[in-house]
Amino acid sequence: MRDGKALRKQVSLKSQGTYIPPQNRVDPATILESQAKSRIESLIPIRYERMLQSPFAFYRGGAAIMSQDLANQATTGITVQLCGDMHVSNFGLFGTAEHRLVFGINDFDETLPGSWEWDLKRLVASAVIACESIGGDKTLSKKLVYRICTEYQKRMAQYAHMPYLELAQEFIGEKDIRKHFSKEHQKNIDSFLKETKGQGNIQVLQKMTTLVGKDRKIIDKPPLIEHFKKSAYGTSLKKLVDRALLNYSSNLLADRKILFERYGLKDFARKVVGIGSVGTNCMVLYFEGDSGKDPLFLQYKEAQKSVLTPYLGESIYRDMGRRVVAGQRLLQGAPDIFLSYGSLQYDINKGEGFYMRQLRDMKGGLDIGPGGISLKNFLDYAKLFGWALALGHARSGDAAMIAGYCGESEDFCEAFYSFARAYEKQNQQDFEVFKAAIKSGRLKAASKKTAI
């Protein structure tokens, strides 16, 4: 911890609070246009419409925009496995391999090794932007950042003294979650926990499929859920999916491979998900065991290069699906049993990398607004955010070094709040540029009804 504390002489806590835009900063519209080149063209307007909904929705879809800014800030260089797209809606509940409900980070599409500040700065900036997008004031947003940072300091100091095996087995369970909620909001979190426990393959079966003759098929809801016969390569989509499943299956652990091979593929469809992921090839695949009462739904997500790659370098993995899965296992510590990766081609340098996981098996994401994170319960969630991020970073990095640098004082919190406050202004400016690009016709957005 002494070495971490000594780093403050080279990179002061105060310097962490200064936001310095890059000299030749690329404007947000140009970055989004560049990303669109590797995505499904017809879906890009849906992405833009979702980003138009609020400054926070824009921020969620703009991880590539912020990555150039993070690369220009003060950093200690203490490497961890970064989530890469850390924000307050990228947390939730999920079931472990043992089917215990835990709280943690959800999505890892942009994961890469890098200095821990990148994640924490994106997280605290998101708290300020999200809070003020739903009507919160500066007083509340400051409290949120302080709670996140204080918990990050506290947990990192705890993990610095924890045996490695004990740290590897650490998780944020139901009791821990409830402890962080005030009596006033216990009903809210109890309802969220109950709803998440009720999410499973049977519930998805009832919601997403219908009987067509004797067979069940995924219900089309174009353009968000659609069946296609041809792939983007002009070949049979069924043949490519079969090849992908063969590749995916070969990367599963032996016991899970045997389990997976007991299921047969019945249907699949393209499914538009999230904000930042819109335009990448995402699908839902429906499998059945021996009877229709044994359904399995897997989510297929294309994995492209991380938006952090231009600044942090190439991944050690050639297969981008493997990059995502490896990052998730490091940060989350308890991924579902069907999490694995593969490629649509046998040559991963030419094919599309992807990863798959269960669609909704004890999974509950956090949305901003009614029924999710509100102004009333935001502070209750804030500590959980700081805790979950500290746990992920401690698993993959030097907890003692980070703890030594962070210390225990409010100077740390004040510095990161100062950064968040400054970046909120940058995000608002970028949002205005984005809206102007939509208005001028440079970028095209779908109708709100089509995108939601």
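The values are calculated or read from the model by the stated rules, or taken from the named source; none is laboratory data. Just so you know, these numbers come straight off a predicted model, no measurement behind them. No Cβ is skipped: glycine too gets one built from the backbone with ideal geometry, and neighbour counts run over all protein chains shown.
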Check: Within segment 170-183, which residues are out of contact with any Lys or Arg (no Cβ under 6 Å at 6 or more places or on another chain) and touching a residue at least 60 places away in the same chain (Cβ under 8 Å)?
Finding: E170, F171, I172, G173, E174, D176, I177, F181, S182
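Restricting attention to segment 3-41, report how many residues are of a type in the set (S, T, Y), assigned to a helix (DSSP H, G or I) and over 24 Å from V433 (Cβ atoms).
Taking segment 3-41 and keeping what is of a type in the set (S, T, Y), we get 12, 15, 18-19, 30, 34, 38.
Filter once more, keeping what is assigned to a helix (DSSP H, G or I): 15, 30, 34.
Filter once more, so that each one left must be over 24 Å from V433 (Cβ atoms): 15.
Final tally of qualifying residues: 1.
In this structure, is I189 in contact with a helix residue (DSSP H, G or I) (Cβ under 9 Å, 6 or more places away or on another chain), over 24 Å from C413 (Cβ atoms) and β-branched (V, I, T)? Give the derivation first.
Numbers: in contact with a helix residue (DSSP H, G or I) (Cβ under 9 Å, 6 or more places away or on another chain): yes; over 24 Å from C413 (Cβ atoms): yes; β-branched (V, I, T): yes.
So I189 fits the description; yes.
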Note to self: Can you list residue pairs whose Cβ atoms sit under 9 Å apart, with the first residue in segment 77-90 being under 18 Å from Q10 (Cβ atoms) and the second being modelled with pLDDT of 95 or more and in a loop (DSSP other than H, G, I, E, B)? Count only pairs 6 or more apart in sequence or on different chains.
What the structure shows: G77/V11; I78/W116; I78/G397; I78/D398; T79/W116; T79/G397; T79/D398
Next item on the list: Answer yes or no as to whether M51 is crowded, with 20+ Cβ neighbours inside 10 Å, touching a Gly at 6+ places or on another chain (Cβ under 9 Å) and either outside the structural domain of A399 (by TED's automatic domain parsing) or not small (G, A, S) (or both).
Entry: yes
Note to self: Quick check on my filter: what residues within segment 162-177 are exposed (fewer than 13 other Cβ atoms within 10 Å of the Cβ) and over 23 Å from the mean Cα position of the chain (by Cα)?
What the structure shows: P163, Y164, L165, E166, K175
Next item on the list: Scan segment 386-404 and give yes if some residue there is surrounded by fewer than 23 Cβ atoms within 10 Å (Cβ to Cβ), free of Cβ contacts under 8 Å to residues at least 12 places away in the same chain and over 15 Å from A127 (Cβ atoms), otherwise no.
Entry: no
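Any residue at all in segment 112-125 that's in contact with a Phe, Trp or Tyr (Cβ under 7 Å, 6 or more places away or on another chain) and acidic (D, E)?
Of all residues in segment 112-125, those in contact with a Phe, Trp or Tyr (Cβ under 7 Å, 6 or more places away or on another chain) come to 120-121, 123-125.
Imposing the further condition that a residue be acidic (D, E) reduces the set to none.
Among the residues of segment 112-125, not one is in contact with a Phe, Trp or Tyr (Cβ under 7 Å, 6 or more places away or on another chain) and acidic (D, E), which makes the answer no.
Name every residue in segment 109-134 that is among the polar types (S, T, N, Q) and either assigned to a loop (DSSP other than H, G, I, E, B) or in contact with a Lys or Arg (Cβ under 7 Å, 6 or more places away or on another chain) (or both), in order of residue number. Steps first, please.
Start the filter on segment 109-134 by keeping residues that are among the polar types (S, T, N, Q), which leaves 111, 115, 126, 133.
Hit for segment 109-134 is T111, nothing else.
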Notebook entry, point to check: Can you find a residue in segment 95-112 that is free of Cβ contacts under 8 Å to residues at least 60 places away in the same chain and not acidic (D, E)?
Noted result: no
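Take the conditions touching a strand residue (DSSP E or B) at 6+ places or on another chain (Cβ under 6 Å) and modelled with pLDDT of 95 or more and apply them to G77. Does it pass? Please lay out each step first, then the result.
On the way: touching a strand residue (DSSP E or B) at 6+ places or on another chain (Cβ under 6 Å): yes; modelled with pLDDT of 95 or more: yes.
For G77, the condition - touching a strand residue (DSSP E or B) at 6+ places or on another chain (Cβ under 6 Å) and modelled with pLDDT of 95 or more - is met.
Yes or no, residue by residue, for (1) polar (S, T, N, Q); (2) more than 27 Å from G353 (Cα to Cα):
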residue	(1), (2)
G92	no, no
V102	no, yes
L112	no, no
V128	no, yes
G136	no, yes
S141	yes, yes
E151	no, yes
Check: Could you count how many residues in segment 134-157 are in contact with a strand residue (DSSP E or B) (Cβ under 8 Å, 6 or more places away or on another chain) and surrounded by 20 or more Cβ atoms within 10 Å (Cβ to Cβ)?
Finding: 0
Notebook entry, point to check: Of all residues in segment 185-199, which are out of contact with any strand residue (DSSP E or B) (no Cβ under 9 Å at 6 or more places or on another chain) and either free of Cβ contacts under 8 Å to residues at least 24 places away in the same chain or not in a helix (DSSP H, G or I) (or both)?
Noted result: Q186, K187, D190, S191, K194, G198
